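Trainee: I am attaching a structure below and will ask some questions about it afterwards.
No value in this document is a laboratory result; all are computed from the given coordinates. Values in this document were obtained by computation on a predicted structure and should not be read as measured data. Methodologically, a virtual Cβ is constructed for each residue, glycine included, from the backbone with ideal geometry; neighbour enumeration extends over all protein chains shown.
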Amino acid sequence: MCQHTKPLLLTIVQRSCEVYFLNNPIKKVAIVGRDADAWLTALMLQQGFRSSSQMIDVELIELPSHLTPQDFFSVLPSHKILHSAIGARENLLLRAAKGCYCFGQRFSNWSGGSAPFIHAYDRFGADFEGIDFYQFWVKASASGMKVPLEEFSLGAVAAKQAKYVVFDEATETFSQAAHGYHLSALDYTKAIAQAALAIGVKHTPGELAGVKVQNGNISSISLADGTEINADFYIDASGSEALLIKNLEVDNIDGWSKWLPANRIVIASAPSLEPLPGFSQISAFKEGWVGIYPLLDRTAINIVYSSEYSTAKAVLEKVAALTGLQITNATEIPFAPGARKKQWIGNCVAVGSSAVSLEPLDATQLHLLHVGLSLLRSLFPNDAAGMPEADIYNQKMCGFVENVRDYQIAHYHLNKRFGEPFWDAVRTVELPAALREKIKLFESRGIVALDEDETFKQEDWTSLFVGHNVHTQSFDPLVNKFSDEELIIKFQQLLGHIKTEIEKMPSLQAQVEITLL
Amino acid sequence: MAAAAFSKTLGCQNYSITLVESEQIGTVGVGEATIPPISLFNNVLGLDENEFIRETNATFKLGIEFVNWRKQGHSYFHPFGHYGVDMDGIGFMHYWMRWKQDGGALDYTKFNLETMAAQAGKFKRTSNEPNPLGLPNLNYAFHFDASLYASYLRRFSEARGVKRIEGKIEQVIQDPDSGHIQAIKLDSDNNVQGDFFIDCSGFKGLLIEQTLQTGYSDWSHWLPVNSAVAVPCESAGELLPYTRSTAQEFGWQWRIPLQHRTGNGYVYCDKFINQDQAERALLTRLDGKALAQPRHLTFVTGMRNRCWNKNCVAIGLSSGFLEPLESTSIHLIQIAIAKLLTMFPRDHFNEVLINRFNQDMKAEYDNVKDFLIAHYKITERDDTEFWRYVKNMPIPDSLSDRLEIFKTRGEAMVKQTELFKEPSWYAVLAGQGLTIENYHPMADAISDDELRLRLTKIRTNVQSRLNSMPSHADFIRQQCKSEMSKID
């Protein structure tokens, strides 16, 4: 378990992969893996090295794909940064990936009978005189105002009304609404692969036969057809089997099932939704939860549950009845939530699902791959003989990983589904310390304690806590600078403003029709 | 219509308006379709729209669906209203064509509210609501029972002092010097004198032709259909808010939905089939039980050489005839009435003014004629001699010039005075399959992002308005259901 609260002692110098020490430069990188993890890694690295003066050979040993036509990715707005890093033209990539815009996620039935809430990718209201809007809302709610917090989020209102957010001068002053995507995994991966090959990634399809280890490093790998590959640096993108790094590690897995109870995912399809909704729907039920994600040509479904309490057949029937959707082509995958304590050992770094295994909750798929690849770019080793960068990498990745994990745990922990075995245990289990502190602080002061390796920001945690009915007991006394009348006027102005702006915005359906079809 | 209009505008205090009509002579009307300018006419008369609809068993019309005109199994829609929104002085279609060339996938019809509403079977009057978001308004006209319209207007006219005399015309008395009509003698021995005569006697043209021998231009070489057989049938299926015209072997068939029944007719050329064959064909292609004996009529497509001759103005079928392919018959009558009122003589007949009237009416007829010819000429069908003929026939220069221009840039260069505007020409010419080479260069001025944003906003507005509309049947049920209506 790493200590992510320890501040960084070393500063990291951002490098553009230029080599300073010429003793043992990295000359060859071998990526062993499959699917999106592998191809995104290949594309990112190849793209990065193109601007470098040193020629570094990138070879992708592509293992057989595990993707089915049902697989999909739900990704956060920050995934756009990855796309610009690989030089993707957004609309073309979305079209190729049958992708759809997503302005948030709507959670239903997690916290008992209370109303569904939208976790939108936007902040709330506007800060008056530098004080966080949430503090004003707490005071107003305590005085009897009934307007839910999410009504003050332009992003949430847009998501609910299936509008595509277009900014103008007015909205830019208070909203930061952004959209993530739902993508067809197979089509997305194909598009990334094409791009990678187009810029010269060396592509060797094959099956891994053996891995030779020497002095805590991988010295070479051999394929089923006899080919031997010698590289200076190895990247393990092989998924949960972690075919490379498992040869270098001892007792390296942190399991999280006491906090995240599910161990099975069923993936399926349903007919397209029309008109397209602006959010993914995440509904809890007795044995688990179901996610509904519109794509361009179908609706993707995932059902997350535990084999201890149900079966694939049973949850499928239940979900079909609950949603009224015609569900087809279901496949099931087992998984075990957890992460590698050290992701970079010796000359091998595990990325993507070989590093971390998370629930598909909160659109975090591909996110930690993205974080890992970004860190790898700035910490790329320049000495084949020794890689001290690994420690820093591991420390920072640990921070990101645990913070994302905690966000997911929070959903489960704050559930109010009493009397249901799948849900009961996680309500009472002892939480990771940082999460415990976050909840306590939010309950008492409505502030979110964030450290430096956080994916989710103040507004994301606020949205989650408020949505799951965590009440803040006291508000910032500076709020009292404003009289009740002043606050009411400000609130009404905000709501009116949001309403007017939203009305002017194009519908998500029209945006998709014009831009993505 | 003439009597109603004159009684309302000229007024019976200043003029004596007499209408001579015979109940013995049958009228042509079955169900009729109209175009939006009819609302202007109704407004001049001060008619309440819901009352008018109830009195005539009317339904709403958003356009015409042309089935099998381009080729078998194909259909396109000629809507009222506009495609998208014209921007920066350039027609919307140019922007759409640019976007299409860049890979855009949405058909241009998706930017027209009337087409979308027709496809969804919806209707609503929109211009009486506040519209802060600038959503598109729905343009519409009506299908109605023309004979009920006539009797409705008769009640209107008589209430305003129009004198109706029953009788058939036996003799027309002319001034021996000028040739002007002085009086008409009826079979009932009535003698009706007048200064100014409006000939609404139909194809016969009792005054304009049989008396004044004005002469007729025959256009059958361009529009060969010369017969029609019509029959009403029981309503079936959803109440559609549009007319359907289905091209057949030797002509075309209309389907006009009314509140209480559906009007049908086969318009054909008798060089290829006879009356019995046409009747049998029509009766096999009804979607409900026939409710009356089929009625036959013949006509010669064309126009009187002068609509206004001496002190007689021919209005309606006496002035000319064009097949009802684009529902123009009633409009041409109303236009003639409007022009006549504009140029109404004070105390003598001015030859210059009369020539002007005649030129204007000729332009109106020519314009409609060209538009109708286009439907036939630009067909891909060649399955019968009829279609092979129209596909290959020579056409007026005015039309061939227009088609040439349209092929180069998707615009018909419509003049302000023309009845059919750019959207109509686009709908029909593109619908019939005329390929367009390229679009207006100024449509390239805006950036790709700006173009997509504008298209998205237009599409959003169309969808938004559409979502607020009830079904056609529901709207009628709530607002203007007639006594004879079969809408439950």
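Trainee: Give me a single rounded figure for B:98-105: the average over its residues of other chain Cβ atoms within 10 Å of their Cβ.
Mentor: Working: counts 0, 1, 0, 0, 0, 4, 4, 5.
Neighbouring Cβ atoms belonging to other protein chains average 2 per residue here.
Trainee: Here's something else I'd like to know. Among A:Leu478, B:Leu62, B:Leu258, which comes first, second and so on when ranked by fewest other beta-carbon atoms within 10 Å?
Mentor: Numbers: A:Leu478 14, B:Leu62 29, B:Leu258 26.
Lowest count first: A:Leu478, B:Leu258, B:Leu62.
Trainee: Oh, and also: If you plug each phi of the stretch A:142-153 into the Karplus form 6.51 cos²θ - 1.76 cosθ + 1.60 with θ = phi - 60°, what whole-Hz ³J(HN,Hα) values come out, in order, with x for Gly and Pro?
Mentor: Karplus-based 3J(HN,Hα) across the stretch A:142-153 equals 5, 7, x, 5, 9, 6, x, 4, 5, 5, 8, 9 Hz.
Trainee: Using a simple spin-label model with points 7 Å from Cα along the Cα→Cβ vector, what separation in nm is obtained for A:Gln194 and A:Glu437?
Mentor: Inter-label distance under the simple model: 4.8 nm.
Trainee: Applying the Karplus parametrisation 6.51 cos²θ - 1.76 cosθ + 1.60 with θ = phi - 60° to the phi angles of the stretch A:324-329, what ³J(HN,Hα) value in whole Hz is obtained for each residue in order, glycine and proline being reported as x?
Mentor: 3J(HN,Hα) across the stretch A:324-329, in whole Hz: x, 8, 8, 9, 9, 6.
Trainee: How far, in nm, would the chain grow between A:Ala314 and A:Asn215 when pulled straight, counting 0.36 nm per residue and subtracting the alpha carbon separation? Don't skip to the end; give the middle numbers.
Mentor: On the way: separation 99, 0.36 × 99 = 35.64 nm, distance 4.98 nm.
My answer for the length gained is 30.7 nm.
Trainee: Which value results when the Cα radius of gyration for chain A is divided by 2.2 N^0.38 Å?
Mentor: Working it through for chain A, the quotient is 1.00.
Trainee: Need the full-extension length gain, A:Leu92 to A:Asn230, defined as separation in residues times 0.36 nm minus the C-alpha distance. One decimal, nm. Write down the numbers at each step before the final one.
Mentor: Details: separation 138, 0.36 × 138 = 49.68 nm, distance 3.64 nm.
Answer, rounded to one decimal: 46.0 nm.
Trainee: What does the structure give for B:457-467 when I average, per residue, the other chain Cβ atoms found within 10 Å of the residue Cβ?
Mentor: On the way: counts 8, 3, 7, 12, 3, 2, 6, 4, 0, 0, 2.
Per residue, the number of nearby Cβ atoms from other chains is 4 on average.
Trainee: Roughly how tilted is helix B:351-377, in degrees to the nearest 10 and between 0 and 90, from the longest Cα axis of chain B?
Mentor: Helix B:351-377 and the main axis of chain B meet at about 40 degrees.
Trainee: Run the helix sum for chain A: -39,500 (n - 2.57) per DSSP H stretch of 4+ residues, divided by residue count, reported at 222 nm to the nearest 500 deg cm²/dmol.
Mentor: On the way: 15 runs with 174 residues, N = 517.
Rounded to the nearest 500, it is -10500 deg cm²/dmol.
Trainee: Can you classify the stretch A:35-77 as rounded, prolate or oblate using the Cα gyration tensor, where a ≥ b ≥ c are the square roots of its eigenvalues, rounded means a/c under 1.5, and otherwise it's prolate if a/b beats b/c and oblate if not?
Mentor: Working: a/c = 6.17, a/b = 1.77, b/c = 3.48.
Since a/c reaches 1.5 but b/c is at least a/b, the shape of the stretch A:35-77 is classed as oblate.
Trainee: Report the calculated FRET efficiency for B:Arg125 and A:Ile131 (r = Cβ-Cβ distance, R0 = 41 Å), to the nearest 0.05.
Mentor: Working: r = 50 Å, r/R0 = 1.22.
It comes out at approximately 0.25.
Trainee: Counting only DSSP beta bridges with both residues in the protein assembly as shown, what percent are antiparallel, rounded to the nearest 5?
Mentor: Details: 105 of 138 bridges.
Approximately 75 percent, going by the DSSP bridge assignments.
Trainee: Each residue of the stretch B:43-51 in order: what ³J(HN,Hα) in whole Hz does its phi give by Karplus 6.51 cos²θ - 1.76 cosθ + 1.60, θ = phi - 60°, with x for Gly and Pro?
Mentor: Karplus-based 3J(HN,Hα) across the stretch B:43-51 equals 5, 4, 6, x, 6, 7, 4, 4, 5 Hz.
Trainee: With a cap of 10 neighbouring Cβ atoms within 10 Å, and only residues DSSP puts in a loop, list the trypsin sites (Lys or Arg not before Pro) found in the stretch B:300-397. Show your work: numbers first, answer last.
Mentor: Numbers: sites: B:Arg304, B:Arg306, B:Lys310, B:Lys339, B:Arg346, B:Arg356, B:Lys362, B:Lys369, B:Lys377, B:Arg381, B:Arg388, B:Lys391; in loops: B:Arg306, B:Lys310, B:Arg346, B:Arg381.
When the trypsin sites (Lys or Arg not before Pro) of the stretch B:300-397 are filtered for loop state and at most 10 Cβ neighbours within 10 Å, B:Arg346 remain.
Trainee: Here's a follow-up. When the chain is fully extended, how far beyond the present Cα-Cα distance does B:Asn305 get from B:Asn392, taking 0.36 nm per residue of separation? Write down the numbers at each step before the final one.
Mentor: Numbers: separation 87, 0.36 × 87 = 31.32 nm, distance 2.71 nm.
Additional length available on full extension: 28.6 nm.
Trainee: Please list B:177-187, A:387-397 highest first by mean number of surrounding beta-carbon atoms within 10 Å per residue. Show your work: numbers first, answer last.
Mentor: Values: B:177-187: 15.5, A:387-397: 19.4.
The densest-packed peptide leads the list: A:387-397, B:177-187.
Trainee: Could you sort A:456-462, B:110-116 so that the peptide with the highest average Cβ count within 10 Å comes first and the rest follow in order? Spell out each step's value before the answer.
Mentor: Values: A:456-462: 20.7, B:110-116: 24.9.
Descending mean neighbour count gives B:110-116, A:456-462.
Trainee: Assuming a viscosity of 0.692 mPa s and a temperature of 37 °C, what translational diffusion coefficient in µm² per second does Stokes-Einstein assign to chain B, Rh being the Kirkwood radius over Cα pairs?
Mentor: The calculation lands on 137 µm²/s.
Trainee: Continuing with the same structure: P(r) for the stretch A:264-334, please, calculated from all Cα pair distances in 10 Å bins and given in %.
Mentor: For the stretch A:264-334, the binned pair fractions read 21, 58, 19, 2 percent.
Trainee: Next question, about the same structure. Of the peptides A:418-424, B:196-202, how do they stack up when ordered by the mean number of other Cβ atoms within 10 Å, highest first? All intermediate terms of the calculation are to be shown ahead of the outcome.
Mentor: Values: A:418-424: 14.4, B:196-202: 21.9.
Per-residue Cβ counts within 10 Å, averaged per peptide and sorted highest first, yield B:196-202, A:418-424.
Trainee: What whole-number volume per residue, in cubic angstrom, does the convex hull of the C-alpha atoms of the stretch B:406-488 give? Mind showing how you got there, number by number?
Mentor: Working: hull volume 15.0 nm³, N = 83.
Normalising the Cα hull of the stretch B:406-488 by residue number yields 181 Å³.
Trainee: According to a simple spin-label model (label point 7 Å from Cα along Cα-to-Cβ), what is the distance in nm between B:Glu51 and A:Glu503?
Mentor: 3.5 nm
Trainee: May I ask you to list the lysines whose Cα is less than 26 Å away from that of A:Lys438, ignoring any residue fewer than eight positions away on the same chain?
Mentor: Of all the lysines, those that pass the test against A:Lys438 - Cα under 26 Å, at least 8 places apart if same chain - are A:Lys6, A:Lys139, A:Lys146, A:Lys258, A:Lys341, A:Lys342, A:Lys396, A:Lys416, A:Lys457.
Trainee: How many times 2.2 N^0.38 Å is the alpha carbon radius of gyration of the protein assembly as shown?
Mentor: My calculation over the Cα atoms of the protein assembly as shown gives 1.26.
Trainee: If a/c stays under 1.5 just call it rounded; otherwise compare a/b with b/c (prolate if a/b is bigger, oblate if not). Do that for the stretch A:195-309, with a ≥ b ≥ c from the square roots of the Cα gyration tensor eigenvalues.
Mentor: Values: a/c = 3.33, a/b = 1.65, b/c = 2.01.
Oblate, because a/c is 1.5 or more while a/b does not exceed b/c.
Trainee: On to the next question. Could you give the dipole magnitude of chain B about its Cα centre, charging the beta-carbon of Lys and Arg +1 and that of Asp and Glu -1, in debye to the nearest 20?
Mentor: On the way: 52 positive and 59 negative charges, 153 e Å.
For this selection, approximately 740 debye.
Trainee: Which lysines does B:Lys185 reach when only Cα atoms under 23 Å apart count, and residues fewer than 8 places away in its own chain are ignored?
Mentor: B:Lys163, B:Lys168, B:Lys204, B:Lys310
Trainee: Cross-link partners among lysines for A:Lys499, C-alpha distance below 16 Å, same-chain residues fewer than 8 apart left out?
Mentor: The qualifying lysines are A:Lys160, A:Lys163, A:Lys490.
Trainee: If you don't mind, there's one more thing I want to ask. Do any of B:Lys8/B:Lys415; A:Lys27/A:Lys202; B:Lys100/B:Lys407; B:Lys271/B:Lys391; B:Lys362/B:Lys421; A:Lys28/A:Lys212 go past 20 Å between their Cα atoms, and which?
Mentor: Values: B:Lys8/B:Lys415 31 Å; A:Lys27/A:Lys202 14 Å; B:Lys100/B:Lys407 16 Å; B:Lys271/B:Lys391 17 Å; B:Lys362/B:Lys421 18 Å; A:Lys28/A:Lys212 17 Å.
Checking Cα-Cα distances, B:Lys8/B:Lys415 exceed 20 Å.
Trainee: Can you list which of the trypsin sites (Lys or Arg not before Pro) found in the stretch A:128-167 are DSSP loop residues with at most 14 other C-beta atoms within 10 Å? Working shown, then result.
Mentor: On the way: sites: A:Lys139, A:Lys146, A:Lys160, A:Lys163; in loops: A:Lys146.
Qualifying residues, ordered by number: A:Lys146.
Trainee: Which log10 I(q)/I(0) values, to two decimals, does the stretch A:119-251 give at q = 0.09, 0.12, 0.14 Å⁻¹ under the Debye formula with one point per Cα?
Mentor: Listed by q, the Debye log ratios stand at -0.60, -0.73, -0.79.
Trainee: Turning to a different aspect of this structure: How do A:Met505, B:Met442 line up, fewest other C-beta atoms within 10 Å first?
Mentor: Ordered by Cβ neighbours within 10 Å, fewest first: B:Met442, A:Met505.
Trainee: Still on this structure, please answer the following. Calculate the mean, over all residues of peptide A:503-513, of how many other protein chain Cβ atoms lie within 10 angstrom of the residue's Cβ. Each step should come with its number before you reach the end.
Mentor: Numbers: counts 3, 4, 3, 12, 9, 2, 4, 12, 7, 1, 9.
Shielding by partners across A:503-513 averages 6.
Trainee: Shifting gears a bit: Using the beta-carbon distance between A:Asp424 and A:Asp168 and R0 = 41 Å, what value does 1/(1 + (r/R0)^6) give for FRET efficiency, to the nearest 0.05?
Mentor: Numbers: r = 48 Å, r/R0 = 1.18.
So the FRET efficiency works out to roughly 0.25.
Trainee: Relative contact order for chain A: what is it in percent, counting Cα pairs under 8 Å that are at least 6 residues apart?
Mentor: Working: 1003 pairs, mean separation 116.5, N = 517.
Here the relative contact order equals 23 percent.
Trainee: List, largest first, the extents of the alpha carbons of the stretch A:242-364 along their principal axes, each in whole Å.
Mentor: 51, 32, 22
Trainee: Check A:Lys27: other-chain or 5+ apart residues with amide H under 5 Å from its amide H, H built from backbone geometry?
Mentor: Sorted by chain and number, the residues that satisfy this are A:Asp232.
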